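Following: one structure in structure tokens, then a few remarks.
No value in this document is a laboratory result; all are computed from the given coordinates. For clarity, every value in this text was computed on a predicted model and none was experimentally measured. Methodologically, a virtual Cβ is constructed for each residue, glycine included, from the backbone with ideal geometry; neighbour enumeration extends over all protein chains shown.
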Amino acid sequence: MRVAMTGNEAVAYAMKQINPEVVAAYPITPQTGIMQKYAEYVANGQVDTEFLTMDSEHSAMSATIGASASGIRAMTATSSNGLAYMWEVVYIAASYRLPIVMPVVNRALSGPINIHCDHSDTMGCRDSGWIQLFSENTQEAYDNAIQALRIAEHPDVLLPAMITYDGFIISHALETLNTYEDDKVKKFIGSYNPKYPLINPDKPVTYGPLDFFDYYFEHKRQQAEGMINAKKVILEVGKAFEKEFGRSYGLFEEYRMADAELAIIVLGSTAGTAKVVVDMVREKGYKVGLIKIRSFRPFPEEELAEALKRIKVLAVMDRSLGFNGVGGPLFNDVRAALFGRNPDIKVVNYVYGLGGREITPNDIWNICNNIRDINLTGKIEKTVSYVGVRE
């Protein structure tokens with residue numbers, strides 16, 4: 001059905017179709033609209049969820065962990081400092097191998113206080129053991145919420161998953177999207193049958209024991225294997241989703257890459273603007289393509305290197321800072337993926353949009369001009385540039 005919804009409404013609608021047994025909630029801008037809408041579904045009797053209003057984000061994740069460990073589906077959602085506040089238990093959710101799905105509406109981390117979009121919140125816990133799926137628009141946020149559950153619950157994965165989308169740009173903007181019938185979504189996600197539920201008197205288990213050097217390493221190695229397996233499962237679920245609902249999803253999307261010599265890599269909503277600019281510069285004779293990363297964790301290292309094998313100059317756009325002195329988080333992961341595989345590619349980083357700073361088509365056009373100049377001269381004047389900042 002074709003409808004108009006904000007990103008938050010669309011994700012809340014996906015949650016309604018999933019109908020988790022427990023949802024733990026704490027408000028934070030710009031995520032609050034998800035839980036506000038979901039609370040309406042609960043109040044109207046449209047879901048069977050036990051809706052828990054908690055005293056903090058830390059408590060919200062803790063309650064979600066407890067519910068998930070008991071053997072049921074449990075969800076929460078957050079943004080920015082709320083995600084940072086639940087940091088401790090975010091790691092615990094992953095180490096317990098609990099397939100929690102959490103929408104994260106991307107917002108800048110304080111300080112100074114800022115309620116607008118950048119990716120510093122989810123980048124901060126990029127190595128916490130959570131799957132991270134980025135969304136370009138409301139349709140993708142909705143679709144990712146449905147697919148993430150099936151990915152996370154796969155027996156070869158059993159890891160929690162964040163589905164992320166840009167604060168205000170997607171969360172509060174009204175867009176048209178296709179929603180699916182409740183019965184079809186229910187059939188697609190299937191039932192959840194945990195192997196080791198906490199509440200099972202016949203087979204008692206322990207969650208959260210003290211784990212010294214005798215077993216800790218092995219448990220972390222198993223967790224790492226789950227993330228490795230997630231790549232294959234993301235692709236399998238994407239194909240199943242296309243068969244059922246007609247929309248195709250992979251680890252990343254390639255746009256006009258077939259004959260490209262120059263390329264841009266980007267995350268989130270900026271991909272929509274960048275595609276328009278790619279079309280514009282193509283008319284000027286620039287052979288520019290674009291890759292939009294969907295699966296940031298697990299990171300598609302080998303697949304990305306293969307997709308970029310013919311590229312001469314690559315621009316990586318980061319909507320967050322690494323504070324490591326050598327560029328943003330996406331930039332460093334991309335360079336690591338290319339190291340030893342594509343040594344001749346010149347890779348440059350463009351940090352943009354921090355705290356909600358606008359990124360315009362003209363900004364991206366200038367990036368295309370810059371990488372074209374690098375290709376013509378063979379020289380990189382700046383490895384890391386800051387787009388739209390007063391310096």
Quick check on the range 177-252: take the gyration tensor over C-alpha atoms, sort the square-rooted eigenvalues as a ≥ b ≥ c, and tell me if it's rounded (a/c under 1.5), prolate or oblate. oblate
What FRET efficiency comes out for the pair Thr383/Asp202, r = Cβ-Cβ distance, R0 = 56 Å, nearest 0.05? 0.40
Treating the range 2-245 as a set of equal point scatterers at the Cα positions, no solvent, please give the Debye-formula log₁₀ I(q)/I(0) at q = 0.08, 0.09, 0.11, 0.18 Å⁻¹. -0.27, -0.35, -0.53, -1.50
Order of Leu235, Leu376, Leu149 under a 10 Å beta carbon neighbour criterion, fewest first: Leu376, Leu235, Leu149
Using a/c under 1.5 as the rounded threshold, could you call the range 27-74 rounded, prolate or oblate? The axes a ≥ b ≥ c are square roots of the C-alpha gyration tensor eigenvalues, and prolate needs a/b larger than b/c, oblate otherwise. oblate
In deg cm²/dmol, rounded to the nearest 500, the helical mean residue ellipticity at 222 nm of the chain, built from -39500 (n - 2.57) for every DSSP H run of length 4 or more, is -12500 deg cm²/dmol
Taking only the alpha-carbon positions of the range 252-386 as identical scatterers, the Debye log10 I(q)/I(0) at q = 0.17, 0.22, 0.23 Å⁻¹ comes out as -0.86, -1.59, -1.76
When you take every Cα atom in the range 194-318, what is the radius of gyration, and what is Dmax, the widest Cα pair distance, in Å? 20.7, 70
Which order do the peptides 118-127, 206-215, 377-386 come out in when sorted by mean C-beta neighbours inside 10 angstrom, highest first? 118-127, 377-386, 206-215
From the cross-link list Lys220/Lys312; Lys231/Lys284; Lys187/Lys220; Lys184/Lys220; Lys195/Lys220, which pairs have alpha carbons spaced over 26 Å apart? Lys220/Lys312; Lys231/Lys284; Lys187/Lys220; Lys184/Lys220
Per its Cα gyration tensor (rounded if a/c is under 1.5, else prolate when a/b beats b/c, else oblate), the range 16-96 is best filed as oblate
With a cut-off of 8 Å between alpha carbons and a minimum separation of six or more residues, what is the relative contact order of the range 133-224 in percent? 26 percent
